[in-house]
Amino acid sequence: GSFGVDGTYYFNPVQTRNAPLAEAAFLDRASNVNAKYQYDDYDSAERHRYGVGAEYFVPNSDFYLNGRVGLVDTDAGDATTYAAEVGYLPVPGFLIAAGLAGEDVDGGDNEVDPTLRAKYVTQAGQYDINLEANARFGDDNFYGLGGDLYLDKTFSVGVGYTGSDADGVDDDVFDIRAKKFLNQQVSLEGSIGFADEANIYGVRAAYRF
């Protein structure tokens, strides 16, 4: 099992306007700093993951910067992770970002790979939609796709897929998810991931202030 906690601090109050509440910060280009912690326990093996990061939408421009660094603490040893992106928003609600991501494993290999990511929030008829894609290219390639449909400004349902072409690894995961804002501050979300070896269930509660 696993559990985690995360937080994000926005430098300026996020203007929700008429956007879906879950996408308001992205559409408002709200720069922020963030941190997270996650604990995992599988087959009696424990793992602690810590991370801090920042997103910066360059004022009076369409450029975007993102950086993060983390620590993975396991029984077998530690690893430092890091990533940086430079992005551009050619039209409102559409981000394309390219960068580098790597790991520095104690007593092991150091690896740095290029990454590519896109996110697009737009309207389709009377609904809002969110489309996302990401990839990491290296000795093993990793990729993901996802989409969310906002039935109203407070409630979304979505699907996602993650996978890789790593040798000997069959880690394709398909997930379905839903998120509901009970008010401007409180949200609840749940997800179910379907993999060959096991299904993955997740729940999350968040408070914005």
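Our note on the geometry: Cα centres of region 72-136 and region 1-50, 14 Å apart.
Within the accessible surface of the chain, defined with a 1.4 Å probe on protein heavy atoms only, the carbon and sulfur portion equals 57 percent. Take the Cβ atoms of Leu71 and Asp196, set R0 to 30 Å, and the FRET efficiency comes out at 0.50. The alpha-carbon atoms of the chain define a convex hull whose volume equals 131 cubic angstrom per residue.
By the Stokes-Einstein formula, at 0.890 mPa s and 25 °C, region 86-209 with its Kirkwood radius over alpha-carbon pairs has D equal to 147 µm²/s. So what's the net charge close to Gly1: Lys and Arg +1, Asp and Glu -1, counting the other residues with Cβ under 12 Å from its Cβ? Once positives and negatives cancel, what remains is -3.
Binning all Cα-Cα separations of region 1-123 at 10 Å, short to long from zero, yields these whole-percent fractions: 12, 34, 33, 17, 4, 0. Calculated mean residue ellipticity at 222 nm for the chain: -500 deg cm²/dmol, from DSSP H runs with n ≥ 4 weighted as -39500 (n - 2.57), summed, divided by the residue count and rounded to 500.
Note that region 83-209 presents 61 Å² accessible area per residue, ligands and nucleic acids not counted, probe 1.4 Å.
When the chymotrypsin sites (Phe, Trp or Tyr not before Pro) in region 114-183 are filtered for DSSP coil states and for at most 16 other beta-carbon atoms within 10 Å of their beta-carbon, the remaining sites are Phe137. In this simple spin-label model, placing a label point 7 Å from the Cα along the Cα-to-Cβ direction at both Tyr50 and Tyr10 gives a separation of 2.8 nm. If R0 equals 30 Å, the separation of the Cβ atoms of Lys36 and Tyr127 corresponds to a calculated FRET efficiency of about 0.50. Measuring nothing but how far apart in sequence close Cα pairs (under 8 Å, 6+ apart) lie, relative to its length, region 1-144 scores a relative contact order of 13 percent.
Taking each residue as 0.36 nm, the span from Tyr82 to Asn134 lengthens on full extension beyond its C-alpha to C-alpha distance by 17.1 nm.
The values are calculated or read from the model by the stated rules, or taken from the named source; none is laboratory data. It should be emphasised that the depicted structure is a prediction, and the values quoted were computed from it without experimental measurement. Note that each Cβ is placed from the backbone with ideal geometry, even for glycine, and that neighbours are counted across all protein chains shown. Only protein heavy atoms, including side chains, enter the accessible area calculation; ligands, DNA and RNA are left aside. Shrake-Rupley method; radii C 1.70, N 1.55, O 1.52, S 1.80 Å.
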